[in-house]
1. How big is the equivalent ellipsoid of chain B along its three axes, where each semi-axis is √(5λ) from the Cα gyration tensor, reported in whole Å from largest to smallest?
2. Add -39500 (n - 2.57) for each DSSP H run of 4 or more in chain A, then divide by its residues: what number comes out at 222 nm, to the nearest 500 deg cm²/dmol?
3. What number comes out for the charge environment of B:Q284, summing +1 per Lys or Arg and -1 per Asp or Glu over other residues with Cβ under 13 Å away?
4. Based on the Cα coordinates of the range A:413-496, what is the per residue volume of their convex hull in Å³?
5. Which whole number gives the average count of other chain Cβ atoms within 10 Å of the Cβ atoms across peptide B:41-54?
6. Once Lys and Arg get +1 and Asp and Glu get -1 on their Cβ, which of A:I235, A:V315, A:Q257 lies farthest toward the positive end of the dipole of the range A:233-361?
7. Rounded, prolate or oblate for the range A:283-405? Axes are the square roots of the Cα gyration tensor eigenvalues, ordered a ≥ b ≥ c, and the cut-off for rounded is a/c under 1.5.
8. Taking neighbour counts of Cβ atoms within 10 Å as a proxy for exposure, in what order, fewest first, do A:M419, A:M106, B:M157 appear?
Amino acid sequence: MSTAPTRPADALREGDRPAESRPGAAARTVGGVAGWVDDRTGAAKPVGYLMKKVFPDHWSFMLGEIAMYSMIVCLLTGAFLTFWFVPSAGHTIYDGSYVPLRGVSMSEAYASTLNISFDIKGGLIIRQIHHWSALMFIVALVVHMFRVFFTGAFRKPREINWAIGSVLALLAIIEGFAGYSLPDDLLSGTGIRAMQGFVQTAPVIGTYLVYAIFGGPFPGEMIIPRLYSAHILLIPALLVGLFTAHIGLVFLQKHTQYPGPGRTEKNVVGFPVMPVYAAKAGGFFFIVFGILSLIAAVVQINPIWAYGPYDPSAVTAGSQPDWYMGFADGALRLLPGWLEFEIFGYTLSMNIFPGALLLLPLVYVVLGVYPFLERWVTGDNREHHLLQRPRNSPVRTGIGMAAITAYSVLLFASGNDIMAIKLGMSINDLTWFFRIGFFVLPPLAFWVTKRICLSLQRRDRDTVLHGRETGTIVRTPDGRFFERHDTELTPDQWILVQHEPVAPLELEPAVDENGVARPAARKDRLRARLSRFYFADAVNPVTPAELAAAHYHGEEHEAIEPSETSASGGAAPIESAEAGRH
Amino acid sequence: MNEQDTPTHGSEVGPTGHGTAVRLDQGHIIGDGGIPERFSNPGLPVHVPRAADLDEDAARRAEKQVTTLFGISILGTLLFIVLYFLIDVEETIYVPGIGVTSASNLALGVTLALALLGIGFGAIHWAKTLMPDHEMVEERHPLRATDESRDRVVHEMREGGNSSQLTRRPFLKYTLGGALGLFAVPLVLQVAGSLGPMPQKSLSLTFWHGGPSGPGQEPEFRPLRLMRDPENTPVRADEVTVGSVYHILPEGLLDLEEGVLEEKAKAAVLLVRLQEDEIQSEKQLDWGYQGIVAYSKICTHVGCPVGLYEQVTHHLLCPCHQSTFDVTRDCEVIFGPAKRSLPQLKITVDDEGYLVSEQPFAEAVGPSYWERGQ
């Protein structure tokens, strides 16, 4: 497997002698260290296996890689930042080189962040790379999640990895929030203030929770060191641990691959780690890191010096969280005030609590549970290693687009003030648009997406049924002309017919043969209904019989049995179908 | 068009339908069995060699490109080192399209990017031009372990349970389960119990009640002067012209040794003067002084300072989530996610003509919480 056919580039040059191949001789050339390690660990076997492990190639597989590399860049630059950052809310008077803030009373956290930005050589570039890579990490992670969802890569056996990924996604945004809250500037302090308000609305335990988190009244001096310990120790430990499990499962289960000629459920087609994938994936790390450095060099992010130190009675207009917290913030902007109730003297803030505290975990629980739900509905218990084209699962693709639409409505709603200013629109109208849009747009997105998928599938069918135009015009004895189409499936059309036909689950009778109602009948009815929802109008791939039928013109032998053809009745629908295609 | 996977369905298959005698005009089809149900996989496409696979010159060109990229990386690293020492951290530079920016940030970032991108693009170009591009095929095996392995695990576990007498002596099981279930409680208790104090009354009190209002503190009311923030000077009623807005803190707050931010977070007040005839609420007029009214600046939604005041409409807007309050209507919510009006501070003037509080806030300021109404 590891021996590729010889190429001219591999050919020996003049004076070269082929290497000898005695067992152990190759290892000796590597030097003593490898042997020393193998003597003590036996690592040669697993390392040898890993080196020839095959990974399939596709641009969309790089999305997860971008997330992974951004996370590594975050860890690296974050470790640097800890050398200068002082995680303390203790007061100090700033005397660094940023003149406008000299003499201002502020926390040590803010002062040290200013020092990193202005007084430590290269400190600003590290800080900016850190923040940009955090944003990139979560963007890449989300888009990677889209890829996995829409191609059905989460199906058996990869449900566990999808669930781990959902937890990783949730942890990543909490990690991000803890991180951008640390500098203790006015903007991040406002974010913490809002978080305090959220937690305070939790029914029954809200106030105790707040005093526990803040170690007393808001803001206190405990929140910065506590966020710091969460940001650099607790959450990264969980992130790295779960990430290791995530990537470990990818190795163990072998990567999925897109369908194509020669690719089956039983194989992996791609390039081996040594040398191709090592070079490509290793090189890609440097590209991601390099692009992050370039962005950090030319695009300023989070200019904390412009906001000033945190003061609970001051605020800047257009206060906004980092993008990944936007959807929760948007939900808070949309929930109307009348959702706050007072019951027996106790206040239940349904205008805050659901958007601030429930939404976040809810989104990720729904995400994590989806594969199990879909498996139940489809009754599909097989292993899947070939990815689906999104069009070939119209309902899932529709559900995904509806979810993305709902998320986007909330995300855009968190920018309603900026939009109102930039577009010169009424903020009230915008808010109402988003409020209604949250309910109307997702079903619309579902419907549109599903229709587009079905149309694309029909077009795939048409393409295959049409066949290859040979350019040969045939004249029939009765004077009609037609072009002969090749009925052979061309290799590039394999992608159009490779997917599995689907049909809704059939409902078993509600009573058994003795007339006794089966206990599971209700659940089964729901399951059958959901299955119909998924598959009732499925467009299945062309079968060889259908292709043969589509190309049956009856012309070749009409001289023998002309009347039979027209009388069979079968030819008519095909001719009309053909006519539609010409 | 019926697209279900029902190969026996005849409506589309038409002439190839079964059950009838094979007609001469379809003699190339041997009944249904002649057509497989699915298409078969055509197999891997033929490998197309690249230029560098066949042509030594192309390979040498590719080699040159890769080494150039690696060279650029080395150059970037060297430049980074030089510029690190050369450029002072305080130097700024004007760059078209970016504006004035830190020179060292720009220089270090760009050279670092060169060093990294050179390696990255070099390695990938190498992989794409010179490394073998034959796709390899690796077999997959079912992930599931064999039945024997599964049985062995179950057997070993059972055997372990039996030989350790766990199954024979159930009290071992119950007490061990209980001990393991409980041992985490002390740790959880320590964290949960010691993270912070009980809030007590501190959420419903503010500095306007007469002094520091943290947990366990119950200040006694005394009238406090309204002080400008940050100047910390008192405000005379006749200085407040119609339409002006002041940030107000209670007298003594800024002189505190500690807890300034904690008190500020509850006690911040906005002072506005309206025309008396613009005020639509009797209570609002009573609690103010000649059209001068004082309201808590802390939003009743989630506690951001209500920072934006529109002088023409007398609307207060919170920049965090756009709750809008109408000052002429006792700061009622007229739009947005907040439910409650901003609490009003009852004010009057003292003997010297300075504005003072007449009583503390009548309700808790800031965001809602469960026991707020108690």
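1. Working: eigenvalues 1030, 339, 227 Å².
Each semi-axis is √(5λ); the values are 72, 41, 34 Å.
2. Working: 22 runs with 319 residues, N = 582.
After summing the helix terms and dividing by the residues of chain A, the value is -18000 deg cm²/dmol.
3. On the way: positive: B:R273, B:K283, B:R329, B:K346; negative: B:E276, B:D277, B:E278, B:E282, B:D286, B:D326, B:D330, B:E332.
Every neighbour counted, the sum reads -4.
4. On the way: hull volume 17.4 nm³, N = 84.
Convex hull volume per residue, Cα atoms: 207 Å³.
5. On the way: counts 9, 10, 6, 7, 6, 1, 2, 0, 3, 2, 0, 3, 6, 3.
What the average comes to for B:41-54 is 4.
6. So the residue furthest toward the plus end is A:Q257.
7. Details: a/c = 3.15, a/b = 1.17, b/c = 2.70.
Oblate, since a/c reaches 1.5 and b/c is not below a/b.
8. Details: A:M419 16, A:M106 21, B:M157 10.
Least to most surrounded, the residues fall as B:M157, A:M419, A:M106.
A short reminder: the numbers here are calculations on the coordinates, not readings from a lab. Note that the structure is predicted; figures quoted are calculated from it, not measured. Every residue, glycine among them, receives a Cβ derived from its backbone with ideal geometry; neighbour counts consider all protein chains shown.
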